[in-house]
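Below you'll find the structure, written out as structure tokens, and then a few comments.
The values are calculated or read from the model by the stated rules, or taken from the named source; none is laboratory data. Keep in mind that what you see is a predicted model, and the values were worked out from it rather than measured. We place every Cβ from the backbone using ideal geometry, glycine too, and count neighbours over all the protein chains shown.
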Amino acid sequence: MDDSRSQKEIAKEMQVCLIQVPYMIGDDRQGGSKGPGRFIEAGAERLLEAPGVGVTVEHVERTTPFRDSVSASLAVNKQLALQVRRAIAAKQFPLVLAGSCDVCMGIVAGIGEGRCGVVWFDAHGDFNTPETTISGFFGGMSLAVITGHCYQSLWAGIGNSAPIAEAATAVLGVRDLDLAERERLERSEIQVVNWYEGRPQGDVQAALDRLAERVQEVYAHIDLDALDPLVAPGVVDPPVPGGLSLHDMEEAIIGVAARFRIRAAALATYNPDLDQDQKTLRAGLRIMELLAGCARDNR
């Protein structure tokens with residue numbers, strides 16, 4: 001222990017818990033499963049350490065053989081919910097590094113019941129259901145699950161979770177939607193700010209203001225494909241042009257932190273095999289650094 005630091009200073013130190021989830025919908029054989037480890041190899045832990053900020057690193061295991069995406073996702077998210085719950089109980093900020101967006105189930109279950117909202121950054125809506133999906137891709141239903149539209153018995157098996165209210169949810173950066181998914185979002189109370197040719201098609205800060213009328217705390221979910229492919233080409237799904245610049249993302253995160261206590265955050269879908277010149281790696285590290293700083297300032 002550094003004797004020059006007072007006990008009061010140490011007590012005020014914020015701990016970040018970096019939680020690696022090296023799976024893509026429970027599958028460790030996909031490119032996205034390599035993303036969390038690559039961030040750690042690149043020095044994410046050292047980057048986030050700063051005066052007043054300590055960092056621990058945890059690793060989620062599936063614990064069962066892979067049989068299918070849904071059962072594997074359930075197994076992974078059960079373990080993730082426990083890790084998030086432990087981190088929060090220890091007054092740590094859970095920052096989850098994941099291969100796919102289904103980790104939202106474990107994170108929200110780990111946060112537990114309460115008036116927590118969601119700010120969801122994504123090129124896609126992830127708001128399909130088994131009845132509307134074209135591809136059958138389970139990850140494309142992630143937001144629909146945590147807002148109570150499908151797979152509720154599955155989610156109940158992860159932990160004590162009440163659906164997030166639609167009106168307590170904001171989706172930013174969307175620009176690639178199935179027709180049925182678009183219609184579902186338009187009928188919902190979810191606030192959506194679409195992106196087109198690199199520009200928001202609505203007022204991001206006003207959307208966050210409206211969300212702040214409903215909740216004081218949020219889970220920040222960042223699918224890296226919300227960023228423009230020129231900024232983040234190394235993502236799981238085919239990159240969708242016209243997304244957020246890194247500056248757009250930084251402004252939005254700062255806007256979230258100015259209005260809400262961020263209970264937990266996730267950075268998902270980084271595929272290092274597709275990352276040209278490590279652009280996505282650098283963008284992800286910058287976002288992590290900003291999230292940790294914001295969490296420290298509004299704890």
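Quick notes on this one:
- Residue tally, condition in contact with a strand residue (DSSP E or B) (Cβ under 9 Å, 6 or more places away or on another chain) and more than 18 Å from VAL256 (Cα to Cα), over the range 112-127: 6
- Within the range 101-136, considering residues that are farther than 24 Å from GLU183 by Cα and assigned to a loop (DSSP other than H, G, I, E, B), the one modelled with the highest pLDDT: GLY112
Results for (1) over 25 Å from GLY37 (Cα atoms); (2) in a strand (DSSP E or B); (3) in contact with a Gly (Cβ under 8 Å, 6 or more places away or on another chain), shown as yes or no for each residue.
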| site | (1), (2), (3) |
| --- | --- |
| HIS221 | no, yes, no |
| ASP237 | no, no, no |
| HIS247 | yes, no, no |
| ALA252 | yes, no, no |
| GLY255 | yes, no, no |
| ALA258 | yes, no, no |
| ILE262 | no, yes, no |
| ALA265 | no, yes, no |
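- Among the residues making up the range 44-70, those that are of a type outside the set (A, V, I, L, M, F, W, C), over 20 Å from GLY99 (Cβ atoms) and not in a helix (DSSP H, G or I) are GLU49, PRO51, GLY52, GLY54, THR56.
- Residues satisfying the stated conditions in the range 88-132, i.e. of a type in the set (Phe, Trp, Tyr) and in contact with a His (Cβ under 7 Å, 6 or more places away or on another chain): TRP120, PHE121
- Residues of the range 119-157 that are within 16 Å of VAL192 (Cα to Cα), β-branched (Val, Ile, Thr) and crowded, with 24+ Cβ neighbours inside 10 Å: VAL119 alone.
- Among the candidates VAL240, VAL231, VAL256, the residue that is in contact with a helix residue (DSSP H, G or I) (Cβ under 6 Å, 6 or more places away or on another chain) and either among the hydrophobic types (A, V, I, L, M, F, W, C) or surrounded by fewer than 21 Cβ atoms within 10 Å (Cβ to Cβ) (or both) is uniquely VAL231.
- Selected residue (only one of LEU80, LEU95 is among the aliphatic types (A, V, I, L, M), crowded, with 22+ Cβ neighbours inside 10 Å, more than 23 Å from PHE137 (Cα to Cα) and under 17 Å from the mean Cα position of the chain (by Cα)): LEU95
- The combined condition, being within 23 Å of VAL21 (Cβ to Cβ) and in a strand (DSSP E or B), is not fulfilled by ALA232.
- Residue list for the range 30-44, filter: farther than 21 Å from SER69 by Cβ, buried (at least 16 other Cβ atoms within 10 Å of the Cβ) and either of a type outside the set (A, V, I, L, M) or without any contact (Cβ under 8 Å) to a residue 40 or more places away in the chain (or both): ARG38, PHE39
- Residues being in contact with an Asp or Glu (Cβ under 8 Å, 6 or more places away or on another chain) and without any contact (Cβ under 8 Å) to a residue 40 or more places away in the chain - total across the range 61-116: 2
- On the stretch given as the range 16-49, residues that are out of contact with any Asp or Glu (no Cβ under 8 Å at 6 or more places or on another chain) and hydrophobic (A, V, I, L, M, F, W, C) total 7.
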